[in-house]
1. Let me spell it out: the conditions are (1) part of a loop (DSSP other than H, G, I, E, B); (2) modelled with pLDDT of 95 or more, and Arg249 meets all of them except one. Which number is the exception?
2. Looking at Gly38, Gly114, Gly30, Gly13 in this structure, which one is within 26 Å of Thr181 (Cα to Cα), modelled with pLDDT under 90 and either of a type in the set (Ser, Thr, Tyr) or not in a loop (DSSP other than H, G, I, E, B) (or both)?
3. Yes or no: region 191-198 includes at least one residue that is assigned by TED's automatic domain parsing to the domain that holds Ala144, β-branched (Val, Ile, Thr) and either over 30 Å from Ala125 (Cβ atoms) or under 19 Å from the mean Cα position of the chain (by Cα) (or both).
4. Which of the following residues is over 24 Å from Ala37 (Cβ atoms), in the same structural domain as Gly35 (by TED's automatic domain parsing) and buried (at least 18 other Cβ atoms within 10 Å of the Cβ): Ser106, Ser168, Ser115?
5. Which of the strands (runs of 3 or more DSSP E) found entirely inside region 119-207 contain at least 1 residues meeting this: at pLDDT 95 or above and aliphatic (A, V, I, L, M)?
6. I'm trying to understand the selection: among the residues of region 239-281, which are among the basic types (Lys, Arg), surrounded by 12 or more Cβ atoms within 10 Å (Cβ to Cβ) and within 18 Å of Tyr190 (Cα to Cα)?
7. I want to confirm something. Restricting to region 121-130 and keeping residues that are surrounded by fewer than 22 Cβ atoms within 10 Å (Cβ to Cβ) and not small (Gly, Ala, Ser), which single residue is farthest from Arg149 (Cα to Cα)?
8. If I filter region 50-84 down to residues being small (Gly, Ala, Ser) and under 24 Å from Arg128 (Cα atoms), which single residue comes out as surrounded by the fewest Cβ atoms within 10 Å (Cβ to Cβ)?
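The values are calculated or read from the model by the stated rules, or taken from the named source; none is laboratory data. Here the structure is a predicted model, which is why all the values come from computation and not from measurement. Glycine gets a Cβ as well: all are built from the backbone with ideal geometry, and neighbour counts include every protein chain shown.
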Amino acid sequence: MSATAARAPAKAGTLVLAGCGQMGSAMLRGWLARGAAGGYLVVEPARADLAADLADHVDVSWFDRPDDLPANFVPDAVVFAVKPQVMDAVLPPYRRFAGPATLFVSIAAGKTIGSIARHLGEDAAIVRCMPNTPAAIGRAITVACPNQRVGAAQRALCEALLAAIGDSTWVEDEALMDAVTAVSGSGPAYVFLLIEALAEAGVRAGLPADLALNLARATVAGAGELARQSPEMPSRLRENVTSPGGTTRAALDILMGEHGLPELLDRAVAAATARSRELAS
């Protein structure tokens, strides 16, 4: 695994975005803010549901179906931001763009490069990615895995597109992508559940609901930022908060006890990994 290196950002001439739901729209906002491409062609039949800042942007052309895309152009990149359950139906019309000039990027969980290539052709340059929902605020972490058709310039272009939504890193072993999906792709939901549960526990301990929620949100956000910026391992940061015989120690005796949080997360990640593998079939 290797993190993206600092470099002058590449820029696409024309970018096709297939699907503009929560993740697709987050990516599009980032690309527009950073000027990641000269033009954006978005295939999204439900664009009436999108915010006006996207639907009315002058650099974005909207299409209901891929068959409506212009016949006389070759995009630099096509990004598939659709659910894995519909990928097999979405991919075939884009086969006409397969060739050395176009990079295909998929963020569909569980869909392997091989399954995508069966629809686009063996000559297609494909990158399988797994971002997460903090893309909406430019704080995603995305893991990318390329096939052998992806050259250095296309890697740089992919990195530039992913930089618009946060950080990214490459893996060469596609088998890792199911666990990546379980840890970082699904991970924000685990953190949101932690905030919910912590706030609800605070209410049961006697706090007003609005105060409990504010404390839970701020605590998780602050601790996460400290973990991100600190050179210390998370285990050391945890120990720094924990005084012998204190309140934190009393809580951790529960959370780290038998069938506690570590075991629950291990089971949760294993279940999500298994489901990612099922989606590949």
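1. Among (1) part of a loop (DSSP other than H, G, I, E, B); (2) modelled with pLDDT of 95 or more, Arg249 violates only (1).
2. On the way: Gly38 fails: within 26 Å of Thr181 (Cα to Cα); Gly114 fails: modelled with pLDDT under 90; Gly13 fails: within 26 Å of Thr181 (Cα to Cα).
Going through Gly38, Gly114, Gly30, Gly13 in turn, just one is within 26 Å of Thr181 (Cα to Cα), modelled with pLDDT under 90 and either of a type in the set (Ser, Thr, Tyr) or not in a loop (DSSP other than H, G, I, E, B) (or both): Gly30.
3. Initial filter on region 191-198 (assigned by TED's automatic domain parsing to the domain that holds Ala144): none.
There is no residue in region 191-198 that is assigned by TED's automatic domain parsing to the domain that holds Ala144, β-branched (Val, Ile, Thr) and either over 30 Å from Ala125 (Cβ atoms) or under 19 Å from the mean Cα position of the chain (by Cα) (or both).
4. The match here is Ser115.
5. Working: elements: 125-130, 140-146, 166-170.
The qualifying strands (runs of 3 or more DSSP E) are 125-130, 140-146.
6. Going residue by residue through region 239-281, those that are among the basic types (Lys, Arg) are 249, 267, 275, 277.
In the following step, the residues that additionally are surrounded by 12 or more Cβ atoms within 10 Å (Cβ to Cβ) were identified as 249, 275, 277.
Listed by number, the list holds a single entry, Arg275.
7. Selected residue: Glu122.
8. First, pick out the residues of region 50-84 that are small (Gly, Ala, Ser): 51-52, 55, 61, 71, 77, 81.
From what is left, the residues that are under 24 Å from Arg128 (Cα atoms) are 77, 81.
Working: Ala77: 26, Ala81: 24.
Checking each candidate, the answer is Ala81.
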